[in-house]
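This report refers to the structure that appears directly beneath it.
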Amino acid sequence: MNVHPVILCGGVGTRLWPLSRDASPKQFLPLLRGRSPFEATLERLRHVAAAPPLIVANCEHRFAIEQQAQAVGAAAYELCLEPCGRGTAPAVAIAAHRLLRDDADAAMLILPADHDIPDAQAFAAAVAQGAAALQAGRLVVFGLPASRAETGYGYIERGAALPGADNCHEVAGFVEKPELQIARRLAASGRHYWNSGIFLFGAAHYLAELERFEPELAAACGDAAASLTAERGCLCLDAAAFARCRAASVDHAVLERTAAGAMVAASFAWSDIGSWHALWAHADKDSQGNVAHGDVHLHDVADSYVHSTRRMVVGIGLRDMVIVETEDALLVASREHAHEVKEAVERLRTQDRDECRAPHRVVRPWGHYEDIDAGERFRVKRITVNPGGRLSLQLHHHRAEHWVVVRGTARVTCGDAVSLLGENQSTYIPIGVTHRLENPGKIPLEVIETQSGSYLREDDIVRLHDVYQRA
């Protein structure tokens, strides 16, 4: 079998709010020794497989993927864009259909994009062990020793050893994320492993099992895969077809029901970076057990995670705390309760808070923008346009805009007029008038934008033309 890496990038990482947001989830944040988990996943594949990866991601994250892949020199890959999230079972099915078009003997090494596996060679050795079980017709999951009680992980019970497959076992059973008392019993058993969410499947075998256990889901995934079209250098799923796929995980749809499951009893260091506690546990610490990032000053503080994005953070007399400062939100929690961040964010969603959706600094293919201030009927941004970058030709139905150039040179289209503006010059964009901002210079263009109107959210943008093909 030919093994094709499949990287799943669809998660949101709510438990790492306020750094992780819908528009900028944890897999694209520089959480791992200056790299993002997605970048680390791409680099890890150099030790595992020669085949270019197939990346399955939400369409909103297309440009982050392209920029980070370029940053680590991963030029060869195929990108499949989902219009909405439907869980891992449909994502893997779409990938299987795509790979089988060109390789009837395709196998898939399925990798979440948001894990920390620092020893790439140990990971590659475990994959090689799983390949023997794959050749024996098994659907392989990688388990890690349950060294402590974790309520945020699923567990796999180790069964009998598989003949001819070193370090591989039958699967005796799965346990979903347990209560603490059960997790302690599982961790003490010596037979239970954490479910890493990393899989090695024959593509046709997975689709056959999905058809057997979830025929309606399998049919919907087949229709969605047939809707794939090549657009802007990516593969795009039809939104209506993909929406008919029921949300489900690989574990629930197939692995917990198949008789063909097998587990590699892996031993490489691993974390799903699923919470602030997990990030603290796997980070380098000072002599007091603290992890500090940014302008942080600690006095009589121990076993805490403190992250400053912009402002100075001073901690005094603290134990076992998580403090995360961003430009628009501050999280203060005990490490013991850090897993409850997800519930807090869900409550914020019911209040329609923007802080759930996008970070203060929003990356765009042309550069980025940052919110400076906002109030009733006004919003102020700092817009940075890279040399050669250009925003879409667009209009707004509910807001006017004032632009002031503070650095660089701007080419401004406003209606039928095109003009050049230098530093300290400004222009006005009335409601409903087509406009575009470009940077024709060789240094970054910085503009202060003041919006005024009755509705000031980002969905009041009508794109008429866009070099990045978002129109």
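We did not get these values from a lab; they are worked out from the coordinates using the rules stated. Bear in mind that the values here come from a model prediction, so they are computed numbers and not experimental data. Cβ atoms come from the backbone with ideal geometry, glycine included; neighbour counts cover every protein chain shown.
For ASP373, ASP22, what's the fewest-to-most ordering of other Cβ within 10 Å of each Cβ?
Details: ASP373 9, ASP22 18.
Sorted ascending by nearby Cβ count, the order is ASP373, ASP22.
Calculate, for ARG212 and HIS398, the FRET efficiency according to 1/(1 + (r/R0)^6) with r their C-beta to C-beta distance and R0 45 Å; round to the nearest 0.05.
It comes out at approximately 0.30.
Grab the alpha carbons of segment 1-117, take their convex hull, and tell me the volume per residue in Å³. Walk me through the numbers on the way to the answer.
Values: hull volume 11.8 nm³, N = 117.
Taking only Cα atoms, segment 1-117 has a hull volume of 101 Å³ per residue.
Translational D (Stokes-Einstein, µm²/s) of segment 105-202 at 37 °C and 0.692 mPa s when Rh comes from the Kirkwood sum over C-alpha pairs?
On the way: Rh = 14.1 Å.
Stokes-Einstein gives a translational diffusion coefficient of 232 µm²/s.
Amide H of HIS465: which non-local residues (sequence gap of 5 or more, or other chain) have their own amide H closer than 5 Å, using H built in the peptide plane?
For HIS465, whose amide H was placed from the backbone, the distant partners under 5 Å are LEU393.
Could you tell me the extents of segment 330-416's C-alpha atoms along the three principal axes, largest first, rounded to whole Å?
57, 29, 20
Mind giving me the FRET efficiency for GLU458 and ALA243? R0 is 25 Å, r the Cβ-Cβ distance, nearest 0.05 is fine.
So the FRET efficiency works out to roughly 0.65.
When DSSP assigns beta bridges and you keep just the ones with both residues in the chain, what percent turn out antiparallel, to the nearest 5? Mind showing how you got there, number by number?
Details: 77 of 112 bridges.
Taking every DSSP beta bridge within the chain, about 70 percent pair in antiparallel fashion.
Can you give the translational diffusion coefficient of segment 1-54 in µm²/s, computed by Stokes-Einstein from the Kirkwood radius over Cα pairs at 37 °C and 0.692 mPa s?
Working: Rh = 12.2 Å.
Once the numbers are plugged in, D ends up at 269 µm²/s.
Can you sort ILE448, ILE429 so the residue with the fewest Cβ neighbours within 10 Å comes first?
On the way: ILE448 15, ILE429 24.
With the sparsest Cβ surroundings first, the list reads ILE448, ILE429.
As I understand it, the value is the acute angle between the Cα axis of helix 215-226 and the longest principal axis of the Cα atoms of the chain; what does it come to in degrees, rounded to 10?
Computed tilt is about 50 degrees.
Could you tell me what % of all Cα pairs in segment 54-115 have separations over 14 Å?
On the way: 1167 of 1891 pairs.
Result for the distance tail: 62 percent.
Within segment 138-159, what residues put their amide N at less than 12 Å from the label point 7 Å along the Cα-to-Cβ vector of ALA188?
149
Apply the Kirkwood formula to segment 28-183: the hydrodynamic radius equals the inverse of the mean of 1/r over all pairs of different alpha-carbon atoms; give it in Å with one decimal. Don't jump to the answer; show the numbers that get you there.
On the way: mean 1/r = 0.0568 Å⁻¹.
Kirkwood radius, segment 28-183: 17.6 Å.
Please compute, for the alpha-carbon atoms of segment 361-465, the extent along each of the three principal axes and give them in descending order in Å.
36, 30, 25
Just the number, please: percent antiparallel of the DSSP beta bridges in segment 2-265, rounded to the nearest 5. Each step should come with its number before you reach the end.
On the way: 25 of 47 bridges.
Antiparallel: roughly 55 percent of the beta bridges in segment 2-265.
Kirkwood hydrodynamic radius (Cα pairs, Å) of the chain? Write down the numbers at each step before the final one.
On the way: mean 1/r = 0.0411 Å⁻¹.
Taking every pair of different Cα atoms in the chain, averaging 1/r and inverting gives 24.3 Å.
How far is the Cα center of segment 287-306 from the Cα center of segment 169-248, in Å?
So the separation of the two Cα centres works out to 39 Å.
If the reach is capped at under 28 angstrom between alpha carbons, list the lysines near LYS342, excluding any in the same chain fewer than eight residues apart.
LYS26, LYS177, LYS285
Only Cα pairs under 8 Å and at least 6 apart count here; give the relative contact order of segment 179-277 as a rounded whole percent.
Working: 46 pairs, mean separation 21.9, N = 99.
Once normalised by length, the contact order is 22 percent.
Would you tally the net charge around ALA69, using a Cβ to Cβ cut-off of less than 12 Å, leaving ALA69 out, and scoring K and R as +1, D and E as -1?
On the way: positive: ARG62; negative: GLU39, GLU43, GLU66, GLU78.
Charge balance near ALA69 sits at -3.
First select every other residue whose beta carbon is under 13 angstrom from the beta carbon of HIS4; then total the charges, Lys and Arg +1, Asp and Glu -1. Write down the numbers at each step before the final one.
On the way: positive: ARG98, ARG101; negative: GLU78, ASP102, ASP103, ASP105.
It works out to a net charge of -2.
How large is ³J(HN,Hα) for each residue in segment 360-367, as worked out from phi by the Karplus curve 6.51 cos²θ - 1.76 cosθ + 1.60 (θ = phi - 60°), to whole Hz, x for Gly and Pro?
Per residue, the Karplus-derived 3J(HN,Hα) values read 4, 9, 10, 7, 10, x, 8, x Hz.
When N counts the residues of segment 276-344, how does its alpha-carbon radius of gyration compare numerically with 2.2 N^0.38 Å, as a ratio? It would help to have the intermediate numbers written out before the result.
Values: Rg = 11.2 Å, N = 69, 2.2 N^0.38 = 11.0 Å.
Against the compact-globule rule of thumb, the ratio is 1.02.
Find the relative contact order for the chain and round it to a whole percent, using C-alpha pairs within less than 8 Å whose residues are 6+ positions apart. It would help to have the intermediate numbers written out before the result.
Details: 1050 pairs, mean separation 65.7, N = 471.
RCO, the chain: 14 percent.
Given 4 °C and 1.567 mPa s, how large is the Stokes-Einstein diffusion coefficient of segment 272-390 in µm²/s, with Rh as the Kirkwood radius over Cα pairs? Can you show the working numbers first?
Values: Rh = 16.3 Å.
Rounded to a whole number, D works out at 79 µm²/s.
Hull surface divided by four, with the convex hull built on the Cα atoms of segment 2-265: how many nm²?
Numbers: hull surface 53.6 nm².
Convex hull of Cα atoms, orientation-averaged projection: 13.4 nm².
Treat the count of other C-beta atoms within 10 Å as a stand-in for reagent exposure and order MET1, MET321 from fewest to most. Walk me through the numbers before you get to the answer.
On the way: MET1 16, MET321 21.
The fewest-first ordering by Cβ neighbours comes to MET1, MET321.
Using 0.36 nm per residue of separation minus the Cα-Cα distance, give me the extension gain between VAL406 and GLU376 in nm, one decimal.
Values: separation 30, 0.36 × 30 = 10.80 nm, distance 2.50 nm.
This chain segment gains 8.3 nm when fully extended.
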